[in-house]
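Q: Can you keep this structure in mind? I'll have questions shortly.
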Amino acid sequence: MTEFLIKNGFVFDPTLKIKGDVADVAIKNGKIVETDAVKKPKVIDASGKTVMAGGLEIHAHIAGPKVNVGRIYRPEDKLFNATAGLKATPTHMNTRMEGGFSIPTTYKTGYNYARLGYTTAMEAAMPPLFARHVHEEMRDTPIIDEGAYPVFGNNWFVLEYIKNREINNTAAYIAWLLEATKGFAIKSVNPGGTEAWGWGLNCLQVTDPVPYFDVTPQEITTGLIEANELLGLPHSLHIHGNNLGNPGNYTTTLDTLKAAEGHKAKNKFHREQVLHHTHIQFHSYGGDKWANFESKARPIMDYVNKHKNITVDVGFVTLDETTTMTADGPFEHHLTELNHLKWANVDVELETAAGVVPYVYSPDIFVCGVQWAIGLEIALLSKDPMRCFITTDHPNAGPFTRYPRILKWLMSQKARDEQIKAFKNSDKVVNGSEIASFDRELTLYEVAAMTRAGPAKALGLSHMYGGLKPGLDADVAVYNFNPEKENSPDEIEKAFSTVQYLFKTGEKIIKDGEIVSNGNKRTLWVHAKVEENPQVMRDIEEKFVKYYTVTKGNYEVHGKHFIPNPLAIEVDAT
Amino acid sequence: MTKTITDVICPFCGTLCDDIEVTVSDDGKKILEVFNACAIGNEKFHHAMAKDRPVRPRMQQADGTYKEVSYDEAVEYTAQMLANAKKPLMYGWSSTNCEAQSIGHEIAEAVGAVVDNTAAVCHGTTLIAVQDVGIPSCTLGEIKNRADRILFWGCNPAHAHPRHMSRYSIFPRGFFTGKGSQSRKLIVVDPRHSDTSKLADVYYQVEQGRDYELLQAFRTALKGEWLPDVVAGIPKERIYEGAELMKSGRFGIIFFGMGVTQTLGKNHNIDAAISLTKDLNEYTKFSIMPMRGHYNVTGSGEVLAWQFGFPYSVDLSRGYARYNPGDTSSIDLLIRGEVDSVFTIASDPGAHFPISAVKRIASLPSVAVDPHITPTTEVSKLHVPVAFVGIEVGGNAYRMDNVPIDTRKVVDPPEGVLTDEQFLERVLIRVKELKGVKA
Amino acid sequence: MNTVTLTPKKQSDLYLEVNNITPDMFAGKSTEQIAALPVYVGNTEHPLGEFFTVTGAAGASAAETRIVIKGDSSRLKYIGMKMTAGEIEVEGSADQYVGGWMAGGKIHVQGNVQAFAGVGMRGGELLVDGNAGDYLGAAYRGDWRGMQGGKIYIKGNAGSDLGYFMNGGTIVVDGDVDVFVGTHAEGGTIIIKGNAKSKVGGQMVQGEIYVFGTIDVMLPGYIYRQELEKEVEGMKGKFALFEGDTAERHPKRKGQLQYAKLYLKQ
Amino acid sequence: MPKITLNLISGRTIQQGVAIEAGKEKPSYREACGIIEIDPVDFKQLGAWRNTNVRVTSAYGHVIVKAVEATQGPHPGIAFIPMGPWANQVVNPRTYSTGMPTFKGTPIEVEPAPSEEVLDGIRVVQEAVRGAKV
């Protein structure tokens, strides 16, 4: 493999504690190496540019059944929004057609992450029965390494085991399902509420019992944390709490976060949190109706800042027309009742559900403006950027392609002020939030923590990703951004929109902003070894015979077609 | 010793039964017995064994007869035809696996073709409706485990999806439906008193072509609004009763078929049915599902959607994907004279398109890839026989509820017969050479 | 205003996609530059000049540019697509998407137009002397925002799905229309001077439809309210007012439900 | 000969499903799909015996099929030809710009044609497309 030496860039890397010093980065055999370890490297002149590790997406909806429902049912998302593929100009000879804005095609998803300097992304909700579909899409998403989180929070096995306080059985089932679906982590979406949705109901509070199963969201969350730490998985429980999107829901969120109290991370991956709460912007709402809707970012972040065993990602609202999609089935029904736009829903037998509704975050609507402010407040109130990550819950709060715009808002008070002024109801937005009073501007070092080192650590992948330490995978992004110069807000956005260079596991992917390789994408999954558990295996056999509509033999994901290039993370919980 | 293969998937209809057992000879070449399949599935497995099955490509001669050619010649003809066309149509894809579809799409992208699947004459109008109003749906297991109200509207599973009723919709005993069919009320709407309707608790003989009116009347009745005395041949009292019956269930499902997708109203019929489902969710839990025909038409839509953004009728001719049924759809393209060559695979437009569209296929350079002899192969310039997917080669397929199931290989294909994937892979390599695309 | 005249030189074997034939694209260009603009036949790209002789001169802006297309345009798709100003005169018939997504200016077609004319229209004027196809003034697939403004006038008949998801503007058809008129409309005005078939105003939330002739079968969700004297398109008459579609949701204004209005001439 | 007017729909039958898998070049395909199912009331008007060949004519074409009594009825006024090449000689190809032909709801005339032959599935298409030119 070719050796590279990226010379004289301004390097930002929390793993090496480098805060913009001019330094060189060397690449050999797919890994970062000491600069003297390369003999005849190709030299990349990065002087006057910013150098960081490849970005890590910890939470996005980019592959699988509900994403594809979004694509299928929104042709208008692609109208006049497509670019040429194979048969176009010679520089594009190697790439495929791209299309779509809020729900781009798989090819566009891979290319766009690469253009932003990202090299790894996690699909945030995999319905186990649809695991093959998720893997087929990930296979067709070029360049980036990907993994997927199977959903467990409404799974009948989990509900029954936790009701009986059978944490060993819960863990054994989780290990089996991770292997059967080639999944990466434990996801829980609206625990209990989505099963209730099977009857058109919901669990809005952590103490609302799940119909028939008679277990509460709180018990499910605690049980899943315990099972996760019993297994010692690389990532923690990844939760989307109850009561998403409703005024006054911040108290539910605090109740959800409290489930982590008294639990300590047990794993060999240097992960410290036991609970990751995702898109916490959607869960930090005050008021008791839309008319008095307000930000409760401060109480939420006060709690998060104080509790080191919790991480969060934001879910920034980008003020775009987008497509919401979540395994929180009842929420999507609630949303379509609000905006009257087309509603798709899929209830998945024994496991979960999902809904999809288009949404227009209009700068003319006061609530949208406050949602925008809450996202920024969460990031700007965070005292530890290694525990608060940048996401848009793509495509829910906006497409991930808006990350450069979010950086602009986070790094420039001026950019925020301009946006506040542009709101139709700016007074109401300012009254309903604290954003106008914030003068914090994030540094690139903090940004590197929130987009690279932090997510890598939280995912238990800091031994591979997130930094430029020798021995890590050679995922390196070079941005045409000189941090020593005065940069206008729009220059920030532009610079981070397309990398100058991108390397993925040592291969040159982007050169001068143009994609030159489809890379060597890998699928991450967790192979957790547990003691044999005959009861759980009997339960699995029984449920397949009686209640599933596929046989157990046709449920498990095998084969090169689905995962041509697997990367199994080994866990021994025996 | 014979051996029995279990968990075999039936590659016929969208029900995609995965509990078939097949006994094969000890050399793995012959299917001896097929268990659990319906009459159609059974026939499908046995037909793969037919002795008179074509095993080499056949080229049409000037006098209309066919002459055997090699696969090399077939690859060359196909690649040349596609590479030289200005707007080739690549139609079908519904009876092959997702792996083959994927390769086909790469060919289509390289040559700037229109890719369309059999939804064009089946549930394409459903997809249009879904694009307009969405679709609250579920997997088939939800129906088995929860549903107590089952509506079949313009579909006849007794004939078209023979095991649907026993596996998923009427008879099975599920988690919350322990009494099987006694747990459920069955409502059927059809202009014909079909074999399915004979099982119904309530049957509505809708006037043919007035499904839209009747669906909208049910929606009106749900809201308690005024109705005319008779709608679509049904007295209003029966419409109010039906609305009450739906509302009073705990979990309901509407299955619909070509009786509404192909009838006057088309996408609007489905739109109204979906809107009815959405309305019912204000009172109880309700879902709706199209009864997809070909076993992997759903998969074709899925793969097209994640690769190009649209589920069928995808026009790649301008180098980016465009979609608008009525313009980019096969029947319109053929009848309007918009395409200049036709590649069909895993489908039979010759039998299932209106004759005016078939005439166009017959008049153009054309290739048909199909294990069978069909009206399409017998009017195309080249017929390429291939292995049966789901019998002689495995590969992924999507059930009518979008659940992906990996089909299995049961026996070897006849000596020397290529699979869809193998043939398409060779065409792709040749097309890329002809188009000067870097491999 | 300056005029550019396009005279056909040769017919293409397949259909020709001419989305570049707009005043916006022609404005400020020489005849040579116009002749060099790309048109498309399937997957092939050709200079416009291969199919047309370009004469006259374009104006400095779209508003000052008029385009005349001579001869038979019945295999030209996308004439006037996305135009914002200026004028197009089509002397023959045109194919699909005439005036698609147009925002301003004026198109006059002397013959017929095929499906999707005025799709996604936002403003301007489209006048057709002959017949129109299906989906006239309709929304693009999946979009809940159909025709927003402007005026479409058809002197002949129109096909099915006229004014699908219409939000604003006016469509007038002198002749008859096929099934589905104003489906899902939330605004705008549709005037049918001839007869309509069935499925008129289905799932319509707001907006107005006038039918001067007959409707084969009324939808069940329309309720007769009263008879009214109205002047429509310069014609006075008595109309029966129906409100609906009661099957659909309707917004409230000042505590009153707002329905779509269907006027049937008596 | 009497001529009756009916409303034609087409669709699947289990016999059609079995026959297409058995082989469309086989006589069983013709037996399953080269038929028109007519209601007893309409048969009376037609004045023909069951299992007589009839000529079906629409605005879009014509075809010879065997008239049989409808098994899934009653449905006076409606005729049914299983989906396939025979039905497709006469169905309304208009798509209303949706891509979907109007396979159900085509006005047809049916008249007895006892001396004419029902072609097999391949020939009925080959004959119809013979000499087709772009």
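The values are calculated or read from the model by the stated rules, or taken from the named source; none is laboratory data. Everything quoted here is computed from the prediction, not taken from an experiment. When we count neighbours, we look across all protein chains shown, and the Cβ atoms used for this are built from the backbone with ideal geometry, even at glycine. Areas reflect the complete protein model, heavy atoms only, side chains present, ligands, DNA and RNA absent. Shrake-Rupley method; radii C 1.70, N 1.55, O 1.52, S 1.80 Å.
Q: Residue B:45: crowded, with 18+ Cβ neighbours inside 10 Å and not hydroxyl-bearing (Ser, Thr, Tyr), yes or no?
A: Yes: the conditions hold for residue B:45.
Q: Sticking with this one: Is it the case, given these coordinates, that residue D:29 is open to solvent by 10 Å² or more (accessible area, probe 1.4 Å) and either closer than 18 Å to residue B:352 by Cβ or touching a residue at least 12 places away in the same chain (Cβ under 8 Å) (or both)?
A: When the stated conditions are applied, residue D:29 does not pass them.
Q: Could you tell me whether region A:53-76 includes any residue that is assigned by TED's automatic domain parsing to the domain that holds residue A:146, at pLDDT below 95 and on the phi > 0 side of the Ramachandran plot?
A: No, region A:53-76 has no match at all.
Q: Further question: Within the set of pairs 6 or more residues apart or between chains, which connect a residue that is over 14 Å from residue A:80 (Cβ atoms) inside region B:319-331 to a residue that is of a type in the set (Lys, Arg) and in a strand (DSSP E or B) with Cβ atoms less than 7 Å apart?
A: Cβ pairs passing all conditions: B:328/B:322.
Q: When you scan region A:14-115 for strands (runs of 3 or more DSSP E) that lie fully inside it, which ones turn up with 3 or more residues that are open to solvent by less than 40 Å² (accessible area, probe 1.4 Å)?
A: By residue number, A:18-28, A:50-53, A:55-60.
Q: Suppose we keep only residues that are part of a helix (DSSP H, G or I) and touching a strand residue (DSSP E or B) at 6+ places or on another chain (Cβ under 8 Å) within region C:33-42. Which one would you say is farthest from residue C:58 (Cα to Cα)?
A: Filtering region C:33-42 for residues that are part of a helix (DSSP H, G or I) and touching a strand residue (DSSP E or B) at 6+ places or on another chain (Cβ under 8 Å), the one farthest from residue C:58 (Cα to Cα) comes out as C:36.
Q: Has region B:388-401 got any residue that is part of a helix (DSSP H, G or I), within 14 Å of chain D (Cβ to nearest Cβ) and open to solvent by less than 10 Å² (accessible area, probe 1.4 Å)?
A: Scanning region B:388-401 turns up no residue that is part of a helix (DSSP H, G or I), within 14 Å of chain D (Cβ to nearest Cβ) and open to solvent by less than 10 Å² (accessible area, probe 1.4 Å).
Q: So, one more: In the set A:174, A:186, which member is open to solvent by less than 10 Å² (accessible area, probe 1.4 Å) and under 25 Å from residue A:314 (Cβ atoms)?
A: When all the criteria are applied, what remains is A:186.
Q: Also, quick follow-up: Given the criterion on the phi > 0 side of the Ramachandran plot, facing chain D (nearest Cβ under 10 Å) and small (Gly, Ala, Ser), identify the matching residue among B:326, B:309, B:350.
A: B:326
Q: If you go through region B:362-386, how many residues are more than 11 Å from chain D (Cβ to nearest Cβ), in a loop (DSSP other than H, G, I, E, B) and buried (at least 24 other Cβ atoms within 10 Å of the Cβ)?
A: So the count comes out to 2.
Q: If you don't mind, another one. Here is a list: D:71, D:57, D:52. Which entry is open to solvent by 20 Å² or more (accessible area, probe 1.4 Å) and closer than 19 Å to residue D:127 by Cα?
A: Of the residues listed, the single one that is open to solvent by 20 Å² or more (accessible area, probe 1.4 Å) and closer than 19 Å to residue D:127 by Cα is D:57.
Q: Out of all the residues in region B:197-207, which are assigned to a loop (DSSP other than H, G, I, E, B) and in contact with a strand residue (DSSP E or B) (Cβ under 7 Å, 6 or more places away or on another chain)?
A: B:200, B:201, B:206 - these are the residues of region B:197-207 that are assigned to a loop (DSSP other than H, G, I, E, B) and in contact with a strand residue (DSSP E or B) (Cβ under 7 Å, 6 or more places away or on another chain).
Q: Moving on to the next point. Answer yes or no as to whether residue B:321 is more than 14 Å from chain D (Cβ to nearest Cβ), in contact with a Gly (Cβ under 8 Å, 6 or more places away or on another chain) and either open to solvent by 10 Å² or more (accessible area, probe 1.4 Å) or under 30 Å from residue B:10 (Cβ atoms) (or both).
A: Yes, satisfied.
Q: Which number in (1) open to solvent by 30 Å² or more (accessible area, probe 1.4 Å); (2) closer than 25 Å to residue C:119 by Cβ; (3) in a strand (DSSP E or B) marks the one condition that residue C:19 misses?
A: Here residue C:19 clears every test but (3).
Q: Please specify each residue of region A:537-565 satisfying the condition of being away from every other protein chain (no Cβ under 14 Å) and under 16 Å from residue A:150 (Cβ atoms).
A: A:540 - this is the single residue of region A:537-565 that is away from every other protein chain (no Cβ under 14 Å) and under 16 Å from residue A:150 (Cβ atoms).
Q: Does residue D:44 qualify as being more than 9 Å from chain B (Cβ to nearest Cβ) and touching a strand residue (DSSP E or B) at 6+ places or on another chain (Cβ under 7 Å)?
A: No: the conditions fail for residue D:44.
Q: Just for region C:52-103: of the residues that are within 18 Å of the chain's Cα centre (by Cα) and hydroxyl-bearing (Ser, Thr, Tyr), which one is most open to solvent (accessible area, probe 1.4 Å)?
A: Taking the candidates together, the pick is C:84.
So that you can scan it fast, the table gives a plain yes or no per residue for (1) part of a helix (DSSP H, G or I); (2) closer than 21 Å to residue B:274 by Cα:
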residue	(1), (2)
B:178	no, no
B:186	no, yes
B:195	no, no
B:209	no, yes
B:213	yes, yes
B:221	yes, yes
B:228	no, no
B:244	yes, yes
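Q: Might you let me know whether region B:107-119 holds any residue that is under 30 Å from residue B:35 (Cα atoms) and either surrounded by 24 or more Cβ atoms within 10 Å (Cβ to Cβ) or within 14 Å of chain A (Cβ to nearest Cβ) (or both)?
A: Yes, region B:107-119 has at least one match.
Q: Same structure, new question: Could you say which residue among A:285, A:250, A:212, A:303 is of a type outside the set (Gly, Ala, Ser), touching a helix residue (DSSP H, G or I) at 6+ places or on another chain (Cβ under 7 Å), surrounded by fewer than 23 Cβ atoms within 10 Å (Cβ to Cβ) and at pLDDT 95 or above?
A: Result of the check over A:285, A:250, A:212, A:303: A:303.
Q: I've got another one for you. Given the residues B:266, B:359, which is the only one that is within 14 Å of chain D (Cβ to nearest Cβ) and in contact (Cβ under 8 Å) with a residue 12 or more places away in the chain?
A: B:266
Q: Of the residues A:148, A:180, only one is under 18 Å from residue A:535 (Cα atoms) and open to solvent by less than 10 Å² (accessible area, probe 1.4 Å); which?
A: Within the list A:148, A:180, the selection yields A:180.
Q: Of all residues in region B:276-297 being under 23 Å from the mean Cα position of the chain (by Cα) and in a helix (DSSP H, G or I), which is farthest from the other protein chains (Cβ to nearest Cβ)?
A: B:297
Q: Six or more apart or on different chains, Cβ under 6 Å: which pairs go from a residue in region A:173-194 that's farther than 18 Å from residue A:274 by Cα to one that's crowded, with 24+ Cβ neighbours inside 10 Å and polar (S, T, N, Q)? Could you list them?
A: Between residues of region A:173-194 that are farther than 18 Å from residue A:274 by Cα and residues that are crowded, with 24+ Cβ neighbours inside 10 Å and polar (S, T, N, Q), the close pairs are A:193/A:242; A:194/A:154; A:194/A:352.
Condition check ((1) buried (at least 24 other Cβ atoms within 10 Å of the Cβ); (2) modelled with pLDDT under 95; (3) assigned to a strand (DSSP E or B)) across all residues:
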| residue | (1), (2), (3) |
| --- | --- |
| C:148 | no, no, no |
| C:152 | yes, no, yes |
| C:167 | no, no, no |
| C:172 | no, no, yes |
| C:179 | yes, no, no |
| C:184 | yes, no, no |
| C:189 | no, no, yes |
| C:194 | no, no, no |
| C:204 | yes, no, no |
